[in-house]
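Shown next, in structure tokens, is the structure this report addresses.
The values are calculated or read from the model by the stated rules, or taken from the named source; none is laboratory data. Everything quoted here is computed from the prediction, not taken from an experiment. Using ideal geometry, Cβ is built from the backbone for each residue, glycine included, and neighbour counts are taken over all protein chains shown. Only protein heavy atoms, including side chains, enter the accessible area calculation; ligands, DNA and RNA are left aside. Shrake-Rupley method; radii C 1.70, N 1.55, O 1.52, S 1.80 Å.
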Amino acid sequence: MAQELRHRKRETIIILDFGGQYSMLIARRVREAKVYCELLPYDTPWEKIRRLSPNGIILTGGPASVYLEGAPRCDPALFGGGIPVLGICYGMQLLGMELGGRVEQGSRSEFGRTAFVLSDPDPLFSDACFEDESCRYGWMSHQDEVREVPPGFTVLARSENGTVAAMGDRARRLYGLQFHPEVYHTPGGMQILKRYLYDVCGCSPSWTPRDFIRSAVKQIRQAAGPEQRVVCALSGGVDSSVVAFLLDQALGERFVSIFVDHGLLRKGEARQVIDLFSRRLQGEFIHIDARDRFLNRLRGVTDPEAKRRIIGAEFIAVFWEKALSLGEIDFLAQGTIYPDVIESGSTTGAAVIKSHHNVGGLPEQHGFKLIEPLRELFKDEVRLVGKELGLPDSILKRQPFPGPGLAVRIIGEVTAEKLALLQEADAIFREEVERAGLAGGLWQFFAVLTGINVVGVKGDNRHYGPVVALRAVTSEDAMTADWARLPFDLLERVSTRITGEIPTLARIVYDITSKPPGTIEWE
Ligand code: XMP
């Protein structure tokens, strides 16, 4: 019994980041294999790594050459620590050099899809790799190569050009891959990673949303002790909603949430947030109707960056006015997620606040401590946790929405009338796209009030009114985007409905600009 109650140590993989473009992707893949992992700077001291008692270590790729002076190196003690190590690309070359092999610039570079030949059966390559020819391709991107593997190592695979594609020392559980198992273009890559995680490191696929919730709730309770209270700003977005549900589970009535309605949300969203959270949360849910306050501040403002600044500053002001009036609150909870932590260059565990996540300026200034329960999660993991916590799809599947809201979709000055027009047009567009079953394939789809008025004809009369642009894009990460080829009949329905149901609007256009050169938003 006591055995069962004891908290099981979480299996962990440490990924040391040498600056490769796929470092984050490796972390994603390890999590996909349901194993918890953390990305740390390459020079993290061995003592610190050891204290985390990882089940395995992965060394990422990187742009440097291991044999040049000043090339990034990890603490060499980790190779003798008895913990399995997998070096990928640069990581393999480092392993090769540090353990007594020879690394040189290759006579020819290998880039892209490269076939490899398995030369030695090994747990790293499941039978499938031997049986299925399509799995014997790796995505390469290197100029240097391991010419001689270190003592104790065996060559496990060679590329068709003869370079060492994989090497391993089974006794010491040290492995190197010259290709990138984490990328989509290495067909057997996920299998290889799983073999490393499960068979070499002895991990089990046990990192699940339920595990996460259990340990997050425990941590929140520990941090907040028996009496302290926590406040959080709710935006209706997925991150802050998941934070709220977690805190609700952990602290019940000691959790207070504040929803600042700035009036710049889409049609029906504010109502939805109020209905859901006021019903579901055990603690106090505070709704601040700040619509007039924001509109007043935005009066006469046309510059997009000025709008952003004003909205950000006003949000902070409204939030803190309320939070400080509550008395005896100790913590501020925020929805910072793992990519924010990594992007900020702080994978070391210190509290990080990215400006757009930071509702509070510096919470410490107000005597608040920070709780960031989602710091370890990637966006899709946040959604899985949210699903497990019972959040509705309307929040979990919500498309990305900019913090300044519709203010950056109204070109020119923001007024109550324009907001109402845009909300109506946007709602029609969203409704039709969803009804056509196309929402899931789109990154974002929305309407923009272009700030242009044009001539049209309504009935027998000349009509002069605003132009609405429809924008729908596909994207993986918002860095690049393509305009969506929506069916003409859908666009026709939307246009007919908008001009029919909102007579003020004169014309509907569809934006066919990709990013680059455009951006997703118009401002
Ligand atoms: P752009 O327009 O730069 O947008 O292609 C890329 C992604 O970022 C969102 N976006 C914002 N998000 N505050 C935010 O929180 C902003 O000021 C902001 N501007 C753009 C945009 O919706 C898209 O998903």
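A few comments on the model shown:
Condition check ((1) over 22 Å from Gln191 (Cβ atoms); (2) in the same structural domain as Val385 (by TED's automatic domain parsing); (3) surrounded by fewer than 21 Cβ atoms within 10 Å (Cβ to Cβ); (4) over 27 Å from the mean Cα position of the chain (by Cα)) across all residues:
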| site | (1), (2), (3), (4) |
| --- | --- |
| Ile26 | no, no, no, no |
| Thr44 | yes, no, yes, no |
| Arg50 | yes, no, yes, yes |
| Asn55 | no, no, no, no |
| Gly61 | no, no, no, no |
| Glu98 | yes, no, yes, yes |
| Gln105 | yes, no, yes, yes |
| Glu110 | no, no, no, yes |
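Matching residues to (1) surrounded by 14 or more Cβ atoms within 10 Å (Cβ to Cβ); (2) in the same structural domain as Asp261 (by TED's automatic domain parsing); (3) acidic (Asp, Glu); (4) at pLDDT below 95:
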| site | (1), (2), (3), (4) |
| --- | --- |
| Glu417 | no, no, yes, no |
| Leu422 | yes, no, no, no |
| Phe429 | yes, no, no, no |
| Gly437 | no, no, no, no |
| Gln444 | yes, no, no, no |
| Val448 | yes, no, no, no |
| Gly451 | yes, no, no, no |
| Val455 | no, no, no, no |
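- Residue identified as within 14 Å of the ligand (Cβ to nearest atom) and either under 30 Å from Tyr36 (Cα atoms) or free of Cβ contacts under 8 Å to residues at least 60 places away in the same chain (or both) among Ala447, Ala439: Ala447
- Going through (1) open to solvent by less than 70 Å² (accessible area, probe 1.4 Å); (2) at pLDDT 95 or above; (3) of a type in the set (Lys, Arg) one by one, Arg493 falls short only on (1).
- Only a single item in (1) within 16 Å of the ligand (Cβ to nearest atom); (2) free of Cβ contacts under 8 Å to residues at least 40 places away in the same chain; (3) closer than 21 Å to Lys397 by Cβ is not met by Thr480, and it is number (3).
- In segment 198-210, residue most open to solvent (accessible area, probe 1.4 Å) [restricted to those that are under 19 Å from Glu376 (Cα atoms) and assigned to a helix (DSSP H, G or I)]: Arg210
- For segment 456-473, the count of residues that are within 12 Å of the ligand (Cβ to nearest atom), at negative phi and either among the charged types (D, E, K, R) or without any contact (Cβ under 8 Å) to a residue 40 or more places away in the chain (or both) is at least one.
- Within the set Asp75, Asp127, Asp132, the sole residue that is open to solvent by 40 Å² or more (accessible area, probe 1.4 Å), assigned by TED's automatic domain parsing to the domain that holds Arg172 and either at pLDDT 95 or above or of a type in the set (Gly, Ala, Ser) (or both) turns out to be Asp75.
- Any hit, segment 368-382, residues being open to solvent by 10 Å² or more (accessible area, probe 1.4 Å), assigned to a helix (DSSP H, G or I) and hydrophobic (A, V, I, L, M, F, W, C): no
- Scanning segment 483-523 for residues that are among the aromatic types (Phe, Trp, Tyr) and in contact with a strand residue (DSSP E or B) (Cβ under 8 Å, 6 or more places away or on another chain), we see that the one that is farthest from the ligand (Cβ to nearest atom) is Tyr510.
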